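Bear in mind that the values in this text are calculations on the coordinates, not laboratory data. Not measured: the values here are computed from a predicted model. Please note: Cβ atoms are built from the backbone with ideal geometry, for glycine as well, and neighbour counts cover all protein chains shown.
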Amino acid sequence: MPRTIAVLGGTGPEGYGLALRWARAGESVVIGSRDARRAQDAAARIKAAVSNAKVSGDENVNACAAADLLVLTIPFEGHAALLKQIKPAIRPGSIVIDTTVPLAASVGGRATRTLGVWQGSAAQQTAELVPKGVSVAAAFHNASAELLNADAPIDCDVIVCRAGAVTVSELCAAGVAGVLVPLVVSTTSHQRDNAQWLAGQGAGIHLPQSELSPRRLADLLAGLTREVLLTMATKARSLAKPKAAARVADELERLVAA
Ligand SMILES: NC(=O)c1ccc[n+]([C@@H]2O[C@H](COP(=O)([O-])OP(=O)(O)OC[C@H]3O[C@@H](n4cnc5c(N)ncnc54)[C@H](OP(=O)(O)O)[C@@H]3O)[C@@H](O)[C@H]2O)c1
C-alpha cells in the first residue's frame, strides 16, 4: 500500500539519516522543518544521493498533514512545543514514531545524562500530546546518525519483536537472533505457536507478554553472550526459505503443466 513517511526535524543528522535509508528502500518521504526551504534543501541532497528517490521537503505542519506515519526527530527541548503546533494537522489514526532521547544537554546539562520525564519517557509525553486514536511508538534511540548516514548495512545483535509469520520469516532471512513477544490478542494464538517453534529450533527466545517487564527484558538481554547470539543467528539463517514466493510459483506452474 503506498504511504508517505513524514520525518519532522529531518534536516538534522538523525532524521536525515533515517529519511536517506527509507528513500533508498523506495519509501516515499517528506522531510519536515521549521523552515520549508531547509527541508527542501535536505530533500534535494537525498535526491542527489539516491536515484529515483521519492522525497520532498516542507514546513513541519504541512509535512505532517501529508502523511499518516510521522517520525519525530527533533531535540527534546522543542518536543512539546512542536507537538502542540502540529496537533491540528495530525490525521486521525496516524502513527507517530518518537526517536527523542531526553538528553540533559537540552537544559544546559551533559549530553551523557538523560532527564527524567514526568510521564516516564519522551514518547509517553508524546502520547499525551497527540489527538486520541493516534498511536505512538518509541524507536531508533540507539540508531546512531553517524551509521545511518553511512552506506554500510546497519548490523544488530538481537531483535525484540512480535511473532507474526512475516516477522519470523524476516528474522530467519536476515539471520538475526530474536526475542519474540507474541501478540496476546492474536485470534488463533498463531504468534505464540510461531515463537515457540522458533525457540524450539534454538533460533530465538520466546518471552510471553505476561512475563514482560523492563527488568525481565533487561536481564534477559544482558545474559545473551556473543556465542549464544551467534548460535541463534546461525540457526535462524539455516531455517530461512529464500525466494519462497518464486518457489511456490514454480511449483504451481509445474502442477498446472502436469
Ligand atoms: N544524533 C543521533 O545519533 C541520535 C541517535 C538516536 C536518537 N536521536 C534523537 O533524534 C532526535 C534528533 O537528533 P539530531 O541529532 O538530528 O538533533 P538536532 O540536529 O539537534 O535537531 C534535528 C532537527 O530538529 C530541528 N530542531 C532543532 N531545535 C528545534 C526546536 N527547538 N523545535 C523544533 N525543531 C527543532 C532542526 O530542524 P529545523 O531547524 O530545520 O527545523 C534540526 O535540524 C533527538 O531527539 C535525539 O535524541 C539522535
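Can you give the angle from 0 to 90° between the axis of helix 13-24 and the longest principal axis of the chain, with both taken from C-alpha atoms, to the nearest 10?
Helix 13-24 and the main axis of the chain meet at about 50 degrees.
Apply 1/(1 + (r/R0)^6) to the Cβ-Cβ distance of A258 and D41, taking R0 = 51 Å, and write down the FRET efficiency to the nearest 0.05.
So the FRET efficiency works out to roughly 0.30.
For the chain, with only Lys/Arg (+1) and Asp/Glu (-1) charged at the beta-carbon, what is the dipole magnitude about the Cα centre, in debye rounded to 20? Kindly include the intermediate steps, with their values, before the conclusion.
Numbers: 26 positive and 22 negative charges, 31 e Å.
Around 140 debye, computed over the chain.
For the chain, calculate the relative contact order in percent as a whole number, restricting contacts to Cα pairs under 8 Å that are 6 or more residues apart.
Numbers: 466 pairs, mean separation 34.2, N = 258.
Dividing the mean separation by the residue count of the chain yields 13 percent.
Calculate the spin-label point distance for A152 paired with H190, positioning each point 7 Å from the Cα along the beta-carbon direction, and give it in nanometres.
Placing both labels 7 Å along Cα→Cβ, they lie 3.8 nm apart.
If you restrict to DSSP beta bridges whose two residues both lie in the chain, what percentage is antiparallel, to the nearest 5? If you can, show how the numbers build up before the last one.
Working: 1 of 31 bridges.
Roughly 5 percent of the beta bridges in the chain run antiparallel, per DSSP.
Could you give the length gained on full extension between V166 and A80, defined as 0.36 nm per residue of separation minus the Cα-Cα distance, in nm?
Numbers: separation 86, 0.36 × 86 = 30.96 nm, distance 3.53 nm.
Here the answer is 27.4 nm.
Please compute the length gained on full extension between R113 and I159, using 0.36 nm multiplied by the number of residues separating them and subtracting their Cα-Cα distance. All intermediate terms of the calculation are to be shown ahead of the outcome.
Values: separation 46, 0.36 × 46 = 16.56 nm, distance 2.53 nm.
So the chain would gain 14.0 nm between R113 and I159.
Can you give me the angle between helix 244-257 and the longest principal axis of the chain, using Cα atoms only, in degrees from 0 to 90, rounded to the nearest 10?
Computed tilt is about 50 degrees.
Please label the shape of region 56-131 as rounded, prolate or oblate, based on the square roots a ≥ b ≥ c of the eigenvalues of the alpha-carbon gyration tensor (a/c under 1.5 means rounded; beyond that, a/b larger than b/c means prolate, else oblate).
Numbers: a/c = 2.49, a/b = 1.78, b/c = 1.40.
It comes out prolate by the Cα gyration axes.
Please turn the phi angles of region 67-77 into ³J(HN,Hα) values with the Karplus equation 6.51 cos²θ - 1.76 cosθ + 1.60 (θ = phi - 60°), one per residue in order, whole Hz, x for glycine and proline.
Coupling constants for region 67-77: 9, 10, 10, 10, 10, 8, 10, 10, x, 4, 4 Hz.
So for region 94-235, taking the charge dipole from beta-carbon charges (+1 Lys/Arg, -1 Asp/Glu), which of T126, V179, A138 sits furthest toward the positive end?
After comparing all options, I get T126.
Place a +1 charge on the Cβ of each Lys and Arg in region 4-148 and a -1 charge on the Cβ of each Asp and Glu, then give the dipole magnitude about the Cα centre in debye, rounded to the nearest 20.
Numbers: 14 positive and 11 negative charges, 18 e Å.
Once rounded to the nearest 20, the dipole reads 80 debye.
Would you mind checking region 116-153 for residues with the amide N under 12 Å from a putative spin-label position 7 Å along Cα→C-beta of A49?
In region 116-153, the label zone of A49 (backbone N under 12 Å from the point 7 Å along Cα→Cβ) covers 145-152.
Provide the gained length on full extension for the span E227 to R3, in nm with one decimal, where the gain is 0.36 nm per separating residue minus the Cα-Cα distance. Spell out each step's value before the answer.
Working: separation 224, 0.36 × 224 = 80.64 nm, distance 3.95 nm.
Extra length from E227 to R3 when fully extended: 76.7 nm.
Given contacts defined as C-alpha pairs under 8 Å and at least six residues apart, what's the relative contact order of region 1-116, whole-number percent? All intermediate terms of the calculation are to be shown ahead of the outcome.
Numbers: 244 pairs, mean separation 28.8, N = 116.
Taking the mean separation of contacting Cα pairs over the length of region 1-116, I get 25 percent.
Given a Förster distance of 45 Å, report the FRET efficiency between S144 and E251 from their Cβ-Cβ distance, rounded to the nearest 0.05.
On the way: r = 43 Å, r/R0 = 0.96.
Approximately 0.55, to the nearest 0.05.
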